[in-house]
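A quick write-up on the structure given underneath.
FYI, it's all coordinate maths here, none of it is from the lab. Here the structure is a predicted model, which is why all the values come from computation and not from measurement. Here Cβ is always computed from backbone atoms with ideal geometry, including for glycine, and neighbour counts include all displayed protein chains.
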Amino acid sequence: MLAGLSPYDYLAHHPTTGREFDLFMKARSAAVGQDLAAFDFDHVRTIADLGGGLGGVLAAILRKHPHLRGILADREDVLDRARDHLATQGLADRIQLAAGDLFDHIPQGAEVYLLSSVLHNYSTAQGVALLTAVRRTIETGGRPAEVWIVQGMLPGLAGQPSPWYSTDARMLSLFPGDGVQDRDAMFRMAGEAGLRVRKTIRLPASQQTLMIAHP
Ligand SMILES: C[S@@+](CC[C@H](N)C(=O)[O-])C[C@H]1O[C@@H](n2cnc3c(N)ncnc32)[C@H](O)[C@@H]1O
């Protein structure tokens, strides 16, 4: 907590730090976007990027796959900063913005629900709650959809080197959650939310792991 604020509230109230965080995230999002844009999306019409930030990941996917539409869901202050960025890339009419807290509302209507670098902000119980809300949204929608979770994951055996230990330390110092988890913990989280993991894929550019799950 920063001066009593959550990290995202702090960034919203401190524009200079907020701009620095945006620059950091743009570089991170570019790598994830490069990784995900390489996938086959022929069976998909709409991707909902939950906690999609400034939309860098979604934009990279939509630029490469012109048939796709996107839903970018994030806090209102973040989407206010994303709007111009998407317009300059000519993507404003292909991306619907969904402002609000993901714990209150998950937008309907996608075949892929993406959560990239979001769950590490939360506790295991909150992660299960968020994934459960996504599963219920898919079930209510009544048509098949997948949940794509992109996360750095710690190695299962303590002592193995991993770039994600430093991210874990940063998350634990900033957020009152459980930080970066290992692969088994992520499987358990998905399972407790009523999701079955179909596969996991190591992403080369971002060094993160993509976990594809479905209800
Ligand atoms: C670390 S950034 C990841 C951005 C993007 N998904 C990526 O991978 O580049 C996490 C994002 O999740 C958003 N977020 C976290 N919790 C949220 C919540 N409860 N409701 C809405 N947005 C949330 C934050 O505002 C932030 O933009």
- Message: Placing +1 on the Cβ of each Lys and Arg and -1 on the Cβ of each Asp and Glu in region 7-214, which of PHE175, ALA185, LEU210 has its Cα farthest towards the positive end of the resulting dipole?
- Response: LEU210
- Note on the structure: The FRET efficiency for LEU5 and ALA27, from their Cβ-Cβ distance with R0 = 30 Å and rounded to 0.05, is 0.75
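Under 1.5 on a/c is rounded, so check that first for the chain, then, if it is not, pick prolate when a/b is larger than b/c and oblate when it is not; a ≥ b ≥ c are the square roots of the alpha carbon gyration tensor eigenvalues.
Working: a/c = 1.35, a/b = 1.06, b/c = 1.28.
Rounded, because the longest to shortest axis ratio a/c is under 1.5.
How much mean residue ellipticity at 222 nm does the chain get from its helices, if each DSSP H run of length 4 or more adds -39500 (n - 2.57) and you divide by all residues, to the nearest 500 deg cm²/dmol? Write out the running numbers ahead of the final one.
Working: 7 runs with 91 residues, N = 215.
Mean residue ellipticity at 222 nm (helix-derived): -13500 deg cm²/dmol.
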- Message: Once you order the gyration tensor axes a ≥ b ≥ c over the Cα atoms, which shape class does region 54-94 get: rounded for a/c under 1.5, otherwise prolate or oblate by comparing a/b with b/c?
- Response: prolate
- Note on the structure: Residues whose modelled amide H sits under 5 Å from the amide H of ALA193, counting only those 5 or more places away in sequence or on another chain, are none
- Item | Segment ALA87-THR16, length gained on full extension (0.36 nm per residue, minus Cα span) | 23.3 nm
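Based on the mean of other beta carbon atoms within 10 Å per residue, what is the order of 133-146, 111-124, most packed first? The partial results should precede the final answer.
Working: 133-146: 16.0, 111-124: 21.5.
The peptides rank, most packed first, as 111-124, 133-146.
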- Message: From Cα pairs below 8 angstrom and at least 6 apart in sequence, can you work out the relative contact order of region 7-214, rounded to a whole percent?
- Response: 19
- Query: Roughly how many Å is it from the Cα centre of region 197-215 to that of region 59-124, as a whole number?
  - Reply: 19
- Query: Under 5 Å between amide H atoms, partner at least 5 residues away or on a different chain: which partners does TYR122 have, H built in plane at 1.01 Å?
  - Reply: ASP178, GLY179
- Message: Treating only the Cβ of Lys, Arg, Asp and Glu as charged (+1, +1, -1, -1), what charge dipole size does region 7-214 show about its Cα centre? Round to the nearest 20 debye.
- Response: 540
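Going by the alpha-carbon gyration tensor, a ≥ b ≥ c the square roots of its eigenvalues, is region 24-83 rounded (a/c under 1.5) or, if a/c is not under 1.5, prolate (a/b greater than b/c) versus oblate?
On the way: a/c = 2.45, a/b = 1.42, b/c = 1.72.
Cα axes put region 24-83 in the oblate bin.
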- Task: Quick one: net charge around HIS85, please, counting Lys, Arg +1 and Asp, Glu -1 for every other residue with C-beta under 12 Å from its C-beta.
- Result: 0
- Query: Taking θ as phi - 60°, what are the ³J(HN,Hα) couplings along region 96-111 by the Karplus curve (6.51, -1.76, 1.60), each to the nearest whole Hz, with x for Gly and Pro?
  - Reply: 8, 8, 10, 8, x, 8, 4, 6, 9, 7, 10, x, 7, x, 10, 9
- 5 angstrom amide H check on ASP182, placed H, neighbours 5+ away: LEU154
